[in-house]
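The numbers here are math on the coordinates, done by the rules we state, and not lab data. Keep in mind it's a predicted model, so treat the numbers as computed, not measured. Heads up, the Cβs are rebuilt from the backbone with ideal geometry, glycines too, and the neighbour counts pull from every protein chain shown.
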Amino acid sequence: MKTTFHDKGAPVYTDQPLLVFHLKPVLDLTDDQLYELCQINRDLLIELNARGELIIMPPTGGETSERNAEITMQLRLWAKRDGTGTTFDSSGGFRLPNGAMRSPDAAWLKKSRLEALSPEQRKKFVPLAPDFLVELRSPTDSLSALYDKMQEYIDNGVQLAWLIDPEVRRIYVYRPQKPVEELRGPETISGDPLLSGFVLNLREIW
């Protein structure tokens, strides 16, 4: 969250990232340097955008964290039954083809793609875009920034992405080469055909 001030000194909170560090052209982090930077700052939520800027985000509140845990649990339980892919929580980093490093709130990747990576690649940020992901909007998130991030995911190879806005009970569904679909107040949402048989129970989220 970014803090600005009126002339009288009263803080006004806006829904922007806590800090943005502009690195280029002074510094261009390698994959290993970015990974090590995140490891020595494990208490910070860090992403890197395609412009090479480090984004330090605020931790989420309890309500958002609980909702995110529910989403991750439902996806994980389905994935273990299905067996064709594996899941990642919000601490997992993905290095996208455009150079950005993003950490979606929940993600799923086909095992065939993951198994093509070397053991060393699997230990660090996954150098792939996930096949499916979920972003959960928290009260401090800018909706316009999330729209841009969701489109970035699709442009970099994600096949299905859901942006969930629990405050207004809306879901925005992103797919390659298709218009964004907006769902208002659904009780469930299906991942078919990509995630065959996966249905997210939104009654537990709302």
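Below is a table of values for the structure above.
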item	result
Beta bridges by DSSP in the chain, antiparallel share as percent, to the nearest 5	85
Sparse-neighbourhood loop sites, GluC sites (Glu not before Pro) in the stretch 44-131 - DSSP loop, at most 10 other Cβ within 10 angstrom	115
Dipole magnitude (debye, nearest 20) for the chain, charges at Cβ of Lys, Arg, Asp, Glu	360
Among the listed pairs 111/149; 124/178; 80/123; 24/149; 124/149; 80/178, those beyond 26 Å (Cα-Cα)	124/178; 80/178
Theoretical ellipticity at 222 nm over the chain - DSSP helices of four or more residues, -39500 (n - 2.57) apiece, nearest 500	-7500 deg cm²/dmol
Among 72, 140, 188, residue whose mean-square fluctuation peaks in a GNM of the chain (springs only between Cα atoms under 10 Å)	188
The stretch 137-151 - phi-based ³J(HN,Hα) in whole Hz, Karplus 6.51/-1.76/1.60, Gly and Pro as x	6, 9, x, 8, 7, 6, 5, 5, 5, 5, 4, 5, 5, 4, 5
Taking 113, 67 and counting other C-beta atoms within 10 Å, the order from fewest to most	113, 67
Förster radius 25 Å - calculated FRET efficiency between residue 182 and residue 51, Cβ distance, rounded to 0.05	0.30
Radius 9 Å from Cβ of residue 68, net charge of other residues (Lys, Arg +1; Asp, Glu -1)	-3
Residues 162, 206, 108 arranged by fewest to most Cβ contacts within 10 Å	206, 162, 108
Equivalent-ellipsoid semi-axes of the chain, from the Cα gyration tensor, Å, largest first	27, 24, 15
Ranking of 88, 198 by count of other Cβ atoms within 10 Å, fewest first	198, 88
